[in-house]
Amino acid sequence: MEIKGIIEVDMFSEKIDSPDHPEVNQFRELLETAAEEYDCSLLSFNINHGTVSFSFDNDELMARFVKMIRNDRQSGP
């Protein structure tokens, strides 16, 4: 399956660099739950020094995450 796009978000401290970290694992479970609700799959998931990258095989869900991230950044500090 072709990945159309990947979302990257600085989520954690740069010290966190393992998908086995409890907070990272919890975030991945949240993404998998969202995928189930949209009847799609989490195609990719990676963490690199606190930055999480992920993608779904559902354009609507990808767009929702992008919109949430943009809204969060606009209302942030």
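The values are calculated or read from the model by the stated rules, or taken from the named source; none is laboratory data. Treat the numbers as computed from the prediction; the structure is a model and nothing was measured. When we count neighbours, we look across all protein chains shown, and the Cβ atoms used for this are built from the backbone with ideal geometry, even at glycine.
Here is a yes/no grid of residues against (1) surrounded by 11 or more Cβ atoms within 10 Å (Cβ to Cβ); (2) at pLDDT 95 or above:
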{"position": "MET1", "(1), (2)": "no, no"}
{"position": "LYS4", "(1), (2)": "yes, no"}
{"position": "ARG28", "(1), (2)": "yes, yes"}
{"position": "ASP39", "(1), (2)": "no, yes"}
{"position": "GLY50", "(1), (2)": "yes, yes"}
{"position": "ASP59", "(1), (2)": "yes, no"}
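Within the range 9-23, the set of residues being closer than 21 Å to MET68 by Cα, touching a Gly at 6+ places or on another chain (Cβ under 9 Å) and surrounded by 13 or more Cβ atoms within 10 Å (Cβ to Cβ) comprises MET11, PHE12.
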